[in-house]
Amino acid sequence: MMITTTQELADACARLSKAPYITVDTEFLRETTFWPKLCVVQLADDVKPEVVDALAPGIDLSPLFELMADEAVLKVFHSGRQDIEIFHHLSGKVPHPVFDTQVAAMVLGFGDSISYDQLVGRTTGASIDKSSRFTDWSRRPLSDEQVAYAIADVTHLREVYEKLAADLEKRGRADWLLEEMEVLTSPSTYESHPEDAWQRFRTRLRKPRELAVMIEVAAWREREAQSRDVPRSRVLKDDALVEIATRAPRTVDALASLRAFPRGYERSRAGQEIIEAVTRGVERDPESLPAMERERGGGGNPATVELLKVLLRMIAERHAVAAKVLANVDDLERIAADDEADVAALSGWRRELFGEQALKLKAGTLALAVERGRVVAVERDPAEDGPLPAPKPRHRKRRNGGGAARASETAAAPDQ
């Protein structure tokens, strides 16, 4: 039975507030809106699950939001970032405290971003019918299959949580997860800043002027999408934004000539606002621009980055933790360029596990070798090494003239 009234919801939340932890999941739609449209909320303690119809006429979700903010109740999600974003958007508060089973699984070595059904299978042996996953959760009434799917998402999660929490304590990694949860529950994680919207195009920009125009135009699109509550692509597609940044049209005719720009759109209010945004970008002081993608990493040696990648994989495998949790490629590039880079990999437990080793590798006091088919780290003293010997000259017999000899050498190269 679904909860469809405010009183039913208040009663359920009062009961759930007495539990030490509850499992939480949501079903929402986002295909036609900028902000997620909450349709269903599933909750469960160790007694029974509750399914809330968030679209029921007249229902006030305030009791639910109060439960999400109750510090005495741990909220357990799987891959909960979007769920938490919804609660933050609707109530202005971030659920706290939380436990994300996907992050916990990564910390415990289940791999990068393991899916819920995979995690349930590996920890409990149960299987989940995912056939209702992509159904329309806004249509009423919900089918029995949809309700059963919604309930399964929070009932299996109880056992998953208990097993992962016990494993974290056993392996001394509970604090590792707490550090991750601080980011997940920080309000700043869910704040939307239009002036940062350009960053999704960072790798597609090559010149300072392109960056300046993109900053202004992407911010305009973000504000427009938010105010109209429509997807960004409904305002202007990504390809059109990139072309605008590249070409920097300053007139309606120039805007209309762009291949990716919607025909006739240039004559609308939006067209004039886009031209104004382009103008602001073109006239922007280059010194005020953020660093472009190719400048990030500050000139770190590519070979060093590749060695750091090998070290990262080795340490992740040895300690049974997902490499993604320890560091990403951007972190490695920054470390390669700066021993004091402001990255998570050089602080806290990550530094102890990986960061210190990475700095030793850079300094030459740690080397990588292959032993019995596995990469291993070897402590070394660079002072004991002399200069590398000069390569010995290679002599080849010339056959059938110089050209034939070079062709022979080229053909033989792959086997050498």
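The values are calculated or read from the model by the stated rules, or taken from the named source; none is laboratory data. Since this is a predicted model, take the numbers as computed values, not measurements. As a convention, Cβ positions derive from the backbone with ideal geometry for all residues, glycine included, and neighbour counts pool all protein chains shown.
For region 68-81, state whether one or more residues are modelled with pLDDT under 95 and within 26 Å of the chain's Cα centre (by Cα).
no
The one condition from (1) modelled with pLDDT under 95; (2) of a type outside the set (G, A, S); (3) in contact with a strand residue (DSSP E or B) (Cβ under 7 Å, 6 or more places away or on another chain) that E27 does not meet is (1). All of E266, E224, E273, E283 fail the test of being out of contact with any strand residue (DSSP E or B) (no Cβ under 7 Å at 6 or more places or on another chain), modelled with pLDDT under 95 and of a type outside the set (K, R), apart from E266.
For region 249-295, a residue qualifies if it is hydroxyl-bearing (S, T, Y) and assigned to a helix (DSSP H, G or I), and the qualifying residues are Y265, T279, S288. Among the residues of region 131-150, is any in contact with a strand residue (DSSP E or B) (Cβ under 6 Å, 6 or more places away or on another chain), on the phi < 0 side of the Ramachandran plot, hydrophobic (A, V, I, L, M, F, W, C) and not in a helix (DSSP H, G or I)? Yes, the conditions are met somewhere in region 131-150.
Does any residue of region 341-357 turn out to be farther than 19 Å from R173 by Cα and in a helix (DSSP H, G or I)?
At the first step, the residues of region 341-357 found to be farther than 19 Å from R173 by Cα are 341-343, 357.
Remaining after also requiring in a helix (DSSP H, G or I): 357.
Checked region 341-357: at least one residue is farther than 19 Å from R173 by Cα and in a helix (DSSP H, G or I).
The combined condition, being out of contact with any strand residue (DSSP E or B) (no Cβ under 8 Å at 6 or more places or on another chain) and on the phi > 0 side of the Ramachandran plot, is not fulfilled by G121.
From the list P208, P231, P286, the lone residue that is within 25 Å of the chain's Cα centre (by Cα) and not charged (D, E, K, R) is P231.
Results for (1) assigned by TED's automatic domain parsing to the domain that holds R200; (2) in contact with a helix residue (DSSP H, G or I) (Cβ under 7 Å, 6 or more places away or on another chain), shown as yes or no for each residue.
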| position | (1), (2) |
| --- | --- |
| D238 | yes, no |
| D253 | yes, no |
| A277 | yes, yes |
| R280 | yes, yes |
| E283 | yes, no |
| T304 | no, yes |
| I315 | no, yes |
| A320 | no, no |
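One residue alone among E340, E352 is over 23 Å from N301 (Cβ atoms), modelled with pLDDT of 90 or more, of a type in the set (D, E) and not assigned by TED's automatic domain parsing to the domain that holds R173, and that residue is E352.
Residues being surrounded by 22 or more Cβ atoms within 10 Å (Cβ to Cβ) and touching a Ser or Thr at 6+ places or on another chain (Cβ under 6 Å) are represented in region 316-338 by at least one member. Given the conditions (1) farther than 25 Å from D53 by Cα; (2) surrounded by 14 or more Cβ atoms within 10 Å (Cβ to Cβ), and given that A152 satisfies all but one, which numbered condition is not satisfied? Of the numbered conditions (1) farther than 25 Å from D53 by Cα; (2) surrounded by 14 or more Cβ atoms within 10 Å (Cβ to Cβ), the odd one out for A152 is (1). If you check V52, V98, V73, V94 for being within 25 Å of V321 (Cβ to Cβ) and buried (at least 18 other Cβ atoms within 10 Å of the Cβ), only one passes: V98.
One residue alone among A12, A104, A72, A56 is among the aliphatic types (A, V, I, L, M), in a helix (DSSP H, G or I) and either out of contact with any Asp or Glu (no Cβ under 7 Å at 6 or more places or on another chain) or not assigned by TED's automatic domain parsing to the domain that holds V154 (or both), and that residue is A104. Given the condition assigned to a helix (DSSP H, G or I) and over 25 Å from M106 (Cβ atoms), answer yes or no: does some residue in region 163-184 qualify? Taking every residue of region 163-184 in turn, none turns out to be assigned to a helix (DSSP H, G or I) and over 25 Å from M106 (Cβ atoms). Counting the residues of region 286-313 that are within 26 Å of T365 (Cα to Cα), modelled with pLDDT of 90 or more and small (G, A, S) gives 1.
The test for being surrounded by fewer than 14 Cβ atoms within 10 Å (Cβ to Cβ) and either at pLDDT 55 or above or more than 24 Å from the chain's Cα centre (by Cα) (or both) does not hold for R380.
Only one residue in R318, R232 is at pLDDT below 95 and basic (K, R), so which one is that? Give the derivation first.
Values: R232 fails: at pLDDT below 95.
Just a single option satisfies the conditions, and that option is R318.
Of all residues in region 12-60, those satisfying the criterion of being aliphatic (A, V, I, L, M), over 13 Å from K75 (Cα atoms) and touching a residue at least 60 places away in the same chain (Cβ under 8 Å) are L29, V40, V51, L55. Residues that are touching a residue at least 24 places away in the same chain (Cβ under 8 Å), among the β-branched types (V, I, T), farther than 23 Å from V378 by Cα and in contact with a Leu (Cβ under 9 Å, 6 or more places away or on another chain) do not occur anywhere in region 283-305.
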